[in-house]
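K.L.:
Please see the structure below; I have some questions.
The values are calculated or read from the model by the stated rules, or taken from the named source; none is laboratory data. Note that the structure is predicted; figures quoted are calculated from it, not measured. Ideal geometry is used to build each Cβ from the backbone, glycine not excepted, and the neighbour counts take in all protein chains shown. Heads up: the accessible areas ignore ligands, DNA and RNA and are worked out on the full protein's heavy atoms, side chains in. Shrake-Rupley method; radii C 1.70, N 1.55, O 1.52, S 1.80 Å.
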Amino acid sequence: ELAALNSYYQVTLNADGGTFSPDTTPSSFSRYDEVQLPTPTKEGYIFGGWYDKGDFNKTPVKTLPKGTDRDHNLTARWVQEVYVSAGGNDSNFGVSSSPFKSLQAAVNKINEVNTGSASYIINVMDNVDDSSSSSYDTSNNSALINIAPTTALNITIKSSDDNTQRTIN
């Protein structure tokens, strides 16, 4: 039992064409360590998170918390579509299993990676209410989305289910 408590585990990161600084993540860790995973970049793509064993149907992994006691083989997911849901969170990755809460967060993420040559889609998963936004103007009941691109943006906003109408407040 004592040997198991002092074991070290491996973390392997497959950036799938992206890049990150390898010195930001240890190649091994113990169950007493919390491992912060890097955020890689890939031109024209949005980083959609690290996924264990390349299973993109699960929730993306941001950290390996203390107490983790097995090896991890993580693969980066790259997307040109981001998701927004009323039940999301703006600190999420913006993928269907981890959507943003606001359109502004989706636009910010696209601006972050935009090179002017790619097309992006914002999928609205359900009715979205951005009225809690700091840019919400109560005098005329409107919220402003600050696009402010550094290069041209090609964005399509659509329902994640093409047959369903969504309301954006």
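K.L.:
Residues of segment 48-64 being under 9 Å from the mean Cα position of the chain (by Cα) and outside any strand (DSSP E or B), which ones?
P.N.:
P60
K.L.:
Please go through segment 26-42 and pick out each residue that is farther than 21 Å from S91 by Cα and either modelled with pLDDT under 90 or surrounded by 12 or more Cβ atoms within 10 Å (Cβ to Cβ) (or both).
P.N.:
P26, S27, S28, F29, S30, R31, D33
K.L.:
Filter segment 103-125 for residues that are of a type in the set (G, A, S) and over 13 Å from the mean Cα position of the chain (by Cα); which is least open to solvent (accessible area, probe 1.4 Å)?
P.N.:
Residue satisfying both the conditions and the ranking: A118.
K.L.:
Step by step: first the residues of segment 65-124, then only those that are of a type in the set (G, A, S) and either touching a helix residue (DSSP H, G or I) at 6+ places or on another chain (Cβ under 7 Å) or part of a strand (DSSP E or B) (or both), then the one that is nearest to T25 (Cα to Cα). Which residue is that?
P.N.:
Restricting to residues being of a type in the set (G, A, S) and either touching a helix residue (DSSP H, G or I) at 6+ places or on another chain (Cβ under 7 Å) or part of a strand (DSSP E or B) (or both), the top hit is A76.
K.L.:
Condition (residue is open to solvent by less than 40 Å² (accessible area, probe 1.4 Å), farther than 27 Å from T115 by Cα and modelled with pLDDT under 90) applied to segment 3-13: is it met by at least one residue?
P.N.:
Scanning segment 3-13, I find at least one residue that is open to solvent by less than 40 Å² (accessible area, probe 1.4 Å), farther than 27 Å from T115 by Cα and modelled with pLDDT under 90, so the answer is yes.
K.L.:
On to the next question. Just to be sure I understand, how many residues within segment 78-101 are touching a residue at least 40 places away in the same chain (Cβ under 8 Å) and either closer than 20 Å to S119 by Cα or buried (at least 23 other Cβ atoms within 10 Å of the Cβ) (or both)?
P.N.:
Residues meeting the conditions: 10.
K.L.:
Only residues in segment 21-49 that are within 22 Å of K66 (Cβ to Cβ) count as the first member; pair them with residues that are of a type in the set (D, E), Cβ under 8 angstrom, at least 6 apart or cross-chain, and list the lot.
P.N.:
Final answer for the pair search is P26/D33; R31/D69.
K.L.:
Then there's this: Suppose we filter segment 125-159 for residues that are at pLDDT 85 or above, in a loop (DSSP other than H, G, I, E, B) and either within 22 Å of P40 (Cβ to Cβ) or aliphatic (A, V, I, L, M) (or both); how many remain?
P.N.:
1
K.L.:
Further question on the same structure: I need the full set of residues from segment 14-31 which are out of contact with any helix residue (DSSP H, G or I) (no Cβ under 9 Å at 6 or more places or on another chain), assigned to a loop (DSSP other than H, G, I, E, B) and on the phi < 0 side of the Ramachandran plot, in order please.
P.N.:
Within segment 14-31, A15, G18, F20, S21, T25, P26, S27 meet the criteria.
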